Amino acid sequence: MEIKFASEYPRRYLLPRLESRIVINQLWPGSGCLDKCLQLAKIDLGMLQKLHQQEIASLEQWWAEQECSKAIPFRGGITKSHFFTCPAIYEPEFSDFRAAFTKSCSFVVIIDDEMDLPDCDPNDILKFNEAVQRWDPSPCDDAPQFKAILPSFFATVENR
């Protein structure tokens, strides 16, 4: 069973923390010590998954409250952004970091998407750059795609 798993899913393709569920299910019953370790591993994984679910629920609520989420309905993916941080920094004590990083990633993705749109003018990008450097959204008043993003972005960075 282990050999079949290793041939189907080479280690370089797996994220260790996500792999743990598969490994837990593959462990065979043995001595009492192994059973206790297996039971603890299942409890630990369950607690960690519950924490990540709570974080995602909180982030989705935060995203729904953002002005830019209403102005840019085609972009969501807060769960995808959160998933990028979880494999590398999964420890419970780094929950605040994961939330802040997810929020930052979400805005980076939105800004990148906006700059890729065909109606995005290079002058709008310069205005956006000026607004970020001055930390003032007013230069983007006549660039509607960035006008919706900046107040939410500034508030998020200032609050966290």
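The values are calculated or read from the model by the stated rules, or taken from the named source; none is laboratory data. All values reported here derive from a predicted model rather than from experimental measurement. All Cβ positions, glycine included, derive from the backbone under ideal geometry; neighbour counts span all protein chains shown.
I need the full set of residues from region 102-144 which are surrounded by fewer than 19 Cβ atoms within 10 Å (Cβ to Cβ) and not in a helix (DSSP H, G or I), in order please.
Those that are surrounded by fewer than 19 Cβ atoms within 10 Å (Cβ to Cβ) and not in a helix (DSSP H, G or I): LEU117, PRO118, ASP119, CYS120, ASP121, TRP135, ASP136, ASP141, ASP142.
Looking at (1) among the β-branched types (Val, Ile, Thr); (2) at pLDDT 75 or above; (3) closer than 18 Å to PHE153 by Cβ, find the lone condition where ILE72 falls short.
The single condition ILE72 does not satisfy is (2).
Taking region 27-46 only, how many residues are surrounded by 11 or more Cβ atoms within 10 Å (Cβ to Cβ) and either modelled with pLDDT of 65 or more or basic (Lys, Arg) (or both)?
The qualifying residues number 10.
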